[in-house]
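A.B. asks: Encoded as structure tokens, here's the structure I'll be asking about.
Derivation of every value follows stated rules applied to the coordinates shown; laboratory data play no part. Here the structure is a predicted model, which means the values were calculated and not measured. Don't worry about glycine lacking a Cβ; one is built from the backbone with ideal geometry, like all the others, and counts go over all protein chains shown.
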Amino acid sequence: MARDRSGNSVSPESVISIIAPGMKVVGDCDTDGTIRIEGSVQGTVRAGKAVVVGKDGFVAGDIVTQDAVVSGAVTGTLVVESRLELQATCRIDGDVRARRLQLDEGAILNGSVHMGDVLAPEGGPSDKAETGAADASSNKQTSPQSVASPQG
């Protein structure tokens, strides 16, 4: 009846860690898989796969992950490499950096939003981001100048 489990290893990406309701974590949380937060975390949350913040979940710190779904509250920066979903019950007080963003009606987002293919680290854009920003800023400068010239 006993099995040899040495060959049955679980990949770290398939593991789901849970911060249960009523649980408070003070310190950073780091996983290669997914973390679901129904309680509260005071610290940085890093997950290789995904972060889910439940309706009553609270994070006072940064979140860095591949994908995220937020229904609760986050005070800090969210850096999401792929897809960020902000549900109707969420409240975000901080900056958001995501490749793709779904914002449901009713969600509260107080902070700046940076979107695009390349997520630059805080403090300076990458080479690809600089090129895109330069192109975008030159386009933006052209339009206001052409509108302003006929008036003045």
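A.B. asks: Mind putting a number on the dipole of region 12-119 about its Cα centre? Charges go on the C-beta only, +1 for Lys and Arg and -1 for Asp and Glu, and I need it in Debye to the nearest 20.
C.D. replies: 80 debye
A.B. asks: Amide H of Leu101 versus every other amide H placed in the peptide plane: which residues, excluding those fewer than 5 positions away on the same chain, fall under 5 Å?
C.D. replies: Leu84
A.B. asks: Continuing with the same structure: Please list 3J(HN,Hα) in residue order for region 18-26, calculated via the Karplus relation 6.51 cos²θ - 1.76 cosθ + 1.60 where θ = phi - 60°; whole Hz, with x for glycine and proline.
C.D. replies: Karplus values, whole Hz, x for Gly and Pro: 10, 9, 6, x, x, 8, 10, 10, 10.
A.B. asks: Now a separate question. Which far-off residues, 5 or more places away or on another chain, put their amide H under 5 Å from the one on Asp28, with H placed in the peptide plane?
C.D. replies: HN-HN under 5 Å from Asp28: Thr44.
A.B. asks: Please report the net charge: other residues with Cβ closer than 13 Å to the Cβ of Ala20, K and R +1, D and E -1.
C.D. replies: 0
A.B. asks: Would you mind counting up the charge near Gly61? Only other residues with Cβ under 11 Å from its Cβ, with Lys and Arg at +1 and Asp and Glu at -1.
C.D. replies: Charge balance near Gly61 sits at -1.
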